[in-house]
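First up is the structure itself, then whatever we jot down about it.
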Amino acid sequence: NADRRVEVCNARAVAMLELPPELMMNRPAFADVVAYQWKTQEFAVTPQKIQEFIRSGGILDQAHVYERRRPNGTVLEVRSTPLPGGGVVRTYTDVTDRKAAEERVTAAHAQAEAARAAAEQANQAKTEFLANISHEIRTPMNGVIGMSDLLLRSELTDTQRDCAVTV
């Protein structure tokens, strides 16, 4: 509320945030709830920018939506909407499954990109190999064919001519 007290906190939010029910029973000051969360390392894995936002008190004054990972690994979407007369309505949504799916998609995309890059590199290596081997084979073959042609223009026995033609 405008006095920075938690008027209502449902059982699901208490359980999701692992808050002690006795803390939440009697309209606690928001500062007491946040102090408990700091003490229990609730924000230990929260990005520094969000930690600073929480510490500054702006968390009660501004509309915002952010995601944060809890120490137990769950990911929460925190949505705050200020009320006209002061205070704020805050909702917490467990988006752990969605976040995990997004991370899998990102990882799959990165893996596909790495595979594409590796395939392009392999294709480039193959192209270079074929160009080199083609040159390495063509040059001596031209010499063999040219010399065979010269040989066929010379005086040869029938056996020698058959061998030269075969070459």
Need the full-extension length gain, Leu150 to Glu18, defined as separation in residues times 0.36 nm minus the C-alpha distance. One decimal, nm.
38.1 nm
In whole Å, what is the distance between the alpha-carbon centres of the stretch 62-80 and the stretch 3-58?
12
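Which percent of the accessible heavy-atom area of the stretch 1-78 goes to carbon and sulfur, probe 1.4 angstrom? Mind showing how you got there, number by number?
Working: 2420 of 4560 Å².
Roughly 53 percent, rounded to a whole number.
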Whole percent per 10 Å bin, from 0 to the bin with the longest distance: what is P(r) over all C-alpha pairs of the chain?
8, 23, 17, 8, 7, 7, 6, 6, 7, 6, 4, 1
For Lys126, the aspartates and glutamates lying under 13 Å Cα to Cα, once residues fewer than eight places off in the same chain are dropped, come out as none
Percent antiparallel among DSSP beta bridges with both residues in the chain, to the nearest 5?
100
Just to confirm the number: angle between the C-alpha axis of helix 96-152 and the first principal axis of the chain, 0 to 90 degrees, nearest 10?
10
Checked the stretch 20-83 with the C-alpha gyration tensor, a ≥ b ≥ c its square-rooted eigenvalues, rounded below a/c of 1.5, otherwise prolate if a/b is larger than b/c and oblate if not; verdict oblate
Heavy-atom accessible area with a 1.4 angstrom probe orders Arg70, Arg98, most exposed first, as Arg98, Arg70
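What whole-number value in Å² describes the accessible area per residue of the chain for a 1.4 Å probe? Could you put the intermediate results ahead of the total?
Values: 11580 Å² over 167 residues.
That works out to 69 Å² per residue.
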I'd like the Karplus ³J(HN,Hα) series for the stretch 77-88: coefficients 6.51, -1.76, 1.60, θ = phi - 60°, whole numbers in Hz, and an x wherever there's a Gly or Pro.
9, 10, 10, 10, 10, x, 8, x, x, x, x, 7
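The values are calculated or read from the model by the stated rules, or taken from the named source; none is laboratory data. Remember, it's a predicted structure, so these values are computed and weren't measured experimentally. Protein only, heavy atoms only, side chains kept; ligands, DNA and RNA dropped before computing areas. Shrake-Rupley method; radii C 1.70, N 1.55, O 1.52, S 1.80 Å.
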